[in-house]
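Remarks on the structure that follows.
The values are calculated or read from the model by the stated rules, or taken from the named source; none is laboratory data. Values in this document were obtained by computation on a predicted structure and should not be read as measured data. Note that we place each Cβ from the backbone using ideal geometry, even for glycine, and neighbour counts take in every protein chain shown.
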Amino acid sequence: MAPTPASELLQRAEILSKDHKPLPLLTEVGLSPRSMIFCCFDWRVKPDEFLGLTDADSAVLVRTASGTPARNIADIAVIDKILGLTELIVIKHTDCGATYITDNDVRDHIVKHNPDMAGHLDDFTVLATTDIVKRTQQDVEIIKSSPLIRKELRDTATGLLYDIKTGKVTKIV
Ligand SMILES: [Zn+2]
C-alpha cells in the first residue's frame, strides 16, 4: 500500500462533501469545558477506539510525536482560555517510534538536508527515549512545571500507558 497523495485526497473530499451536513457554529453550540488528551500520532494507536471516546466525553484530542505535550504548552493556555479545560491527560504507548531514535539521529537528519543548520541544533530535542514509562513521567512533569498553565489545571495532569499488544491502559502517574 502506497500513501495516498494530497491531490487524490482532495478529489475524494470533493465527492464526500456532497453528503456533508453543515456543522453548527460555536455561537450555536456554545463554548463548554473539555478535557485535553495528548496521544502519539502513531497510526496503530487509536484513542477513539481504546478509550471508547465519543462526542459525549467532551475531549479535545491532540496527536503529537510520542504524545508529548512539550511543543503544545501554548496551545493548552489558548484552549483553556477559550473553553476552560478541566483535565490534562497524556497517553503514551508501548513500542513507540520515539524509542527507536535518538535526538542526534534527528539532528543529523536535519543537517544532512540543510548543512547550514550544523552547530545550531544544540538545544534541539525531540524527547527521544529508551524508557517509555520514564518518558511518561517526564511529560506529565513538563505540564506540572509550566508557568503558562494555571495551577489547578496543571495539578490534574495524568500520564497513561497503552499496551499495543494487550489493549490495556495503565496509569503511570
Ligand atoms: Zn508513538
| message | Let me confirm something: among L51, L31, L23, which residue is modelled with pLDDT of 95 or more and loosely packed, with under 11 Cβ neighbours inside 10 Å? | response | L23
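Quick check on R71: is it surrounded by fewer than 17 Cβ atoms within 10 Å (Cβ to Cβ), at pLDDT 95 or above and among the charged types (D, E, K, R)? Working first, answer last.
Values: surrounded by fewer than 17 Cβ atoms within 10 Å (Cβ to Cβ): yes; at pLDDT 95 or above: no; among the charged types (D, E, K, R): yes.
Criteria not met by R71.
Looking at the stretch 1-91, what helices (runs of 4 or more DSSP H) fall wholly within it and have at least 1 residues that are touching a Pro at 6+ places or on another chain (Cβ under 7 Å) and away from the ligand (no atom under 16 Å from the Cβ)? Show your work before the answer.
Working: elements: 6-16, 26-29, 47-50, 73-83.
Result: 73-83.
Here is a yes/no grid of residues against (1) touching a Ser or Thr at 6+ places or on another chain (Cβ under 6 Å); (2) over 26 Å from E152 (Cβ atoms):
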| residue | (1), (2) |
| --- | --- |
| L16 | no, yes |
| C39 | no, no |
| D55 | no, no |
| A59 | yes, no |
| V62 | no, no |
| D80 | no, no |
| task | Please enumerate the residues belonging to the stretch 114-149 that are touching a helix residue (DSSP H, G or I) at 6+ places or on another chain (Cβ under 7 Å) and either surrounded by fewer than 17 Cβ atoms within 10 Å (Cβ to Cβ) or of a type in the set (F, W, Y) (or both). | result | M117, A118, L121, F124, T125, L127, T130, K144, L148
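Looking at the stretch 85-96, is at least one residue modelled with pLDDT of 95 or more and over 21 Å from V173 (Cβ atoms)? Give the derivation first.
Keep residues of the stretch 85-96 that are modelled with pLDDT of 95 or more, which gives 85-96.
If we keep only those that are over 21 Å from V173 (Cβ atoms) too, we end up with none.
So far as the stretch 85-96 goes, no, none of its residues is modelled with pLDDT of 95 or more and over 21 Å from V173 (Cβ atoms).
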